[in-house]
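Single-structure report; data block below.
The values are calculated or read from the model by the stated rules, or taken from the named source; none is laboratory data. Only a predicted model underlies this, so the values are computations on that prediction, with no experimental measurement involved. Cβ atoms come from the backbone with ideal geometry, glycine included; neighbour counts cover every protein chain shown. Accessible surface areas use protein heavy atoms only, side chains included; no ligands, DNA or RNA. Shrake-Rupley method; radii C 1.70, N 1.55, O 1.52, S 1.80 Å.
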Amino acid sequence: MLLEVNNLNRRFGGLQAVSDVNFSVHPGMIKAVIGPNGAGKTTLFNLISGALPPSSGAIHFKGLPIHGLPPFRIAERGMARTYQNIKLCPGMTALENVMIGRHCRSRAGFISGMLNLPWTRREEIAIREKSLELLALLDIADLAEVEATSLAFGQQRAVEFARALAMEPELLLLDEPAAGLNIYETAEVARLISTINQRGITVLLVEHDMSLVMDISHEIVVLSFGQKIAEGTPAEIQHNSEVIKIYLGEDDA
Amino acid sequence: MKRHLPLALLVLTAIGVQQLTHATGTAFYLTPLTMAAYYSLVIVGLCLLMGYAGQISLGHAGFFAIGGYLSAMLTTRDLTPYQDNPVLVLLDKLGCTVTGQDMFGGAVLHVHPWAAFACAILITIAVAYGIGIPVLKLKGHYLAMATLGFGIIVYRLVLASPLFGEADGISEVPAFPLFPGLAVSGGFESRVSNYYLAWGMVACAMWLLANLIHSRVGRALRAIHGAEDATNAMGVNTARYKLNTFVISAVLAAVAGIFLTHYNGGIGPSEAGIMKSVRYVAIVAIGGMANLWGALVMGSLLNIMSLRGMFGSYDDAVFGLILIVIMLFAPRGLLGLSLPQGLKRLLKRGE
């Protein structure tokens, strides 16, 4: 089991944003978390990636507990994430943004950086090459030297993707990767996620776009008001009466 | 290679200026030039902290003062009465003390400047960590207020403490023999060597800092400035990086304080004052924030002008005004300002 979430709870004052959620992610799969707005999907992601501490419950990654660890420690262990509202570093080029992703896979510190030692120079070249490779994989190699935050929305998303991949994660968390994209771009993202998955990276994604989720996921977790109401394969979820109820409303007739 | 061009320019300019003063018989300019070099050390360190890591400090004069005052106190205070104290005996055995004569010919015992230097730097590091760990959890205005508070504490401590000479400060600080043949002192005969020493130190600091900002660490610092949460999620220990940067800039300020104090032969409470901290921040801003060379150029020019008394009694007012004007019209610094754009902004405001 790559990721295990047990009885996870998160309260914000009186609001129970995530309530007793349990699920697990097998290595190699694409798992999706869906649910209506306000179901607690992003909160769940923030809990898993360490951006928020859980009120109670446990999260195990590769068999070790990660709840309560700061995000950078979780990232070092091989978990990368993207954001629903893209978070790139302003004032830095697309390439530099991707190079940040190599941080946890390189080691030059303050002193070696100041002295610009031969091995730090070699490491820096390797970081640059690997990052350029990833930009090429995402078809944005020509944008390497452009300031990242001045790019078009879809391109920024691609840079954020490349940055996450630069971390060589075992588990990639994608927070609404198709938000704000048109149908062609969404299809492109779907293809990309499958490619990444075939390279051996496990994917956990939160998404609103049903066609994307149903096409590419192996398993789906459905959240509503912070609670897990269903879990299964896309076919099972499509025929689950609870899920249909929360998405299409109750049958009054 | 590109990175070393400004460094070469700096060295050539320093040599050129010295030759010029020699040729024109204006060697008296070397004194403010040397002092400006030491202030520049504080400024480039603060530039790393503010411009790159994005953390403001309104207390850097405090670190300058900790360095300068500790070194001044340790090298001037007569330790003869404590001669039998085991700590002093140990220091004596280690060669960390010097004996001399006071003005009446009596024997006096001081701490050697190198030992004082080590002590001052260690205490600066300890204070910087002690202040930085809690304070760097704050952001924006809150961080500015907290560092301002630190600066005020240092200022009031040196002003109130007899150990640090209260309002008079500490004078008659001895020369600092760095190694045989070269001492930090304001003596007439060592003016040229001290000029080169000071600017050599600036060149070294610039080399180290320019390397740092182009390294993995520098990239992480700039990323922290832009998007701290995301940077943490990329595996950067953001708290430690901010703290280390804070300590590096504090140490640079303390080194500047120590050397300038020995060069001037004394230090007074104005060096610890809030207006000094504001001045450093203003100069980093006018240099363009994330622009080490801009900070160095503007820092040297403005400090030389200030030290030559060009701003008269309005010194502090000038730096306050600079801060307002830069923030309004050239937030990317004077060197980053393209005039048409600046005029455009000005006109837009008028509409």
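Which residue, of A:Leu15, A:Leu69, A:Leu52, is open to solvent by 20 Å² or more (accessible area, probe 1.4 Å), within 14 Å of chain B (Cβ to nearest Cβ) and out of contact with any strand residue (DSSP E or B) (no Cβ under 8 Å at 6 or more places or on another chain)?
Matching residue, one of A:Leu15, A:Leu69, A:Leu52: A:Leu69.
Mind checking whether some residue in region A:185-192 is among the polar types (S, T, N, Q) and without any contact (Cβ under 8 Å) to a residue 24 or more places away in the chain?
No, region A:185-192 contains no residue that is among the polar types (S, T, N, Q) and without any contact (Cβ under 8 Å) to a residue 24 or more places away in the chain.
Take the residues in region A:134-155 that are out of contact with any helix residue (DSSP H, G or I) (no Cβ under 6 Å at 6 or more places or on another chain) and within 12 Å of chain B (Cβ to nearest Cβ); name whichever of them is most open to solvent (accessible area, probe 1.4 Å).
The residue in question is A:Glu147.
Only residues that are of a type in the set (A, V, I, L, M, F, W, C) and out of contact with any Lys or Arg (no Cβ under 7 Å at 6 or more places or on another chain): list them for region A:223-237, please.
Across region A:223-237, the qualifying residues are A:Phe225, A:Ile229, A:Ala230, A:Ala235, A:Ile237.
Mind checking whether some residue in region B:172-186 is free of Cβ contacts under 8 Å to residues at least 40 places away in the same chain and either in a helix (DSSP H, G or I) or within 14 Å of chain A (Cβ to nearest Cβ) (or both)?
No.
Being facing chain B (nearest Cβ under 7 Å) and charged (D, E, K, R) is the filter; apply it to region A:87-122 and report the residue that is least open to solvent (accessible area, probe 1.4 Å).
So the residue we want is A:Glu96.
Farther than 26 Å from A:Ile127 by Cβ and open to solvent by 10 Å² or more (accessible area, probe 1.4 Å) - does that describe any residue in region B:207-219?
Within region B:207-219, the first condition is being farther than 26 Å from A:Ile127 by Cβ, and the residues that meet it are none.
The answer is no, given that none of the residues of region B:207-219 is farther than 26 Å from A:Ile127 by Cβ and open to solvent by 10 Å² or more (accessible area, probe 1.4 Å).
Which numbered condition in (1) in a helix (DSSP H, G or I); (2) without any contact (Cβ under 8 Å) to a residue 24 or more places away in the chain; (3) farther than 30 Å from B:Arg219 by Cβ is the only one that B:Ala65 fails?
Exception for B:Ala65: condition (2).
Give me a count of the residues in region B:247-283 that are in contact with a strand residue (DSSP E or B) (Cβ under 6 Å, 6 or more places away or on another chain) and in a helix (DSSP H, G or I).
Qualifying residue count, region B:247-283: 4.
Would you please name the residue that is farthest from the chain's Cα centre (by Cα), looking only at residues in region A:197-253 that are among the aliphatic types (A, V, I, L, M) and in a loop (DSSP other than H, G, I, E, B)? Talk me through it step by step, then tell me what you get.
Start the filter on region A:197-253 by keeping residues that are among the aliphatic types (A, V, I, L, M), which leaves A:201, A:203-206, A:210, A:212-214, A:216, A:220-223, A:229-230, A:235, A:237, A:243-244, A:246, A:248, A:253.
Filter once more, so that each one left must be in a loop (DSSP other than H, G, I, E, B): A:201, A:253.
Numbers: A:Ile201: 11, A:Ala253: 40 Å.
Step by step, filter region A:197-253, then rank; the result is A:Ala253.
Yes or no, residue by residue, for (1) assigned to a helix (DSSP H, G or I); (2) without any contact (Cβ under 8 Å) to a residue 24 or more places away in the chain:
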site	(1), (2)
B:Arg191	yes, no
B:Val202	yes, no
B:Trp207	yes, no
B:Gly218	yes, no
B:Arg222	yes, no
B:His225	yes, no
B:Ala230	yes, yes
B:Gly235	no, yes
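Pick out the one residue from B:Gly200, B:Gly257, B:Gly265 that is more than 14 Å from every other protein chain (Cβ to nearest Cβ), surrounded by fewer than 21 Cβ atoms within 10 Å (Cβ to Cβ) and touching a Ser or Thr at 6+ places or on another chain (Cβ under 9 Å).
B:Gly265
Looking at this structure, is B:Thr80 hydroxyl-bearing (Ser, Thr, Tyr), without any contact (Cβ under 8 Å) to a residue 24 or more places away in the chain and surrounded by 11 or more Cβ atoms within 10 Å (Cβ to Cβ)?
No: the conditions fail for B:Thr80.
In region B:109-145, what count of residues is obtained for those that are over 19 Å from the mean Cα position of the chain (by Cα), within 17 Å of B:Cys96 (Cα to Cα) and of a type in the set (Gly, Ala, Ser)?
Number satisfying all stated conditions: 1.
When residues of region A:237-253 are filtered for being surrounded by fewer than 21 Cβ atoms within 10 Å (Cβ to Cβ) and in contact with a helix residue (DSSP H, G or I) (Cβ under 9 Å, 6 or more places away or on another chain), how many remain?
Here the count works out to 5.
A:Ala166 - would you say it is among the hydrophobic types (A, V, I, L, M, F, W, C) and surrounded by fewer than 22 Cβ atoms within 10 Å (Cβ to Cβ)? Lay out the reasoning, then the answer.
Values: among the hydrophobic types (A, V, I, L, M, F, W, C): yes; surrounded by fewer than 22 Cβ atoms within 10 Å (Cβ to Cβ): no.
Taking the combined requirement at face value, the residue does not satisfy it.
What is the one condition in (1) within 11 Å of chain B (Cβ to nearest Cβ); (2) over 30 Å from A:Glu133 (Cα atoms); (3) of a type in the set (A, V, I, L, M, F, W, C) that A:Ala75 does not satisfy?
A:Ala75 satisfies every listed condition except (2).
Cβ contacts < 8 Å: first residue surrounded by 12 or more Cβ atoms within 10 Å (Cβ to Cβ), restricted to region B:3-22; second residue at pLDDT 90 or above and of a type in the set (Gly, Ala, Ser), any location; separation 6+ or different chain. Result?
Short answer, once both residue conditions are applied: B:Arg3/B:Ala210; B:Pro6/B:Ala210; B:Leu7/B:Ala203; B:Leu7/B:Ala210; B:Leu10/B:Ala203; B:Val11/B:Ala203; B:Ala14/B:Ala203.
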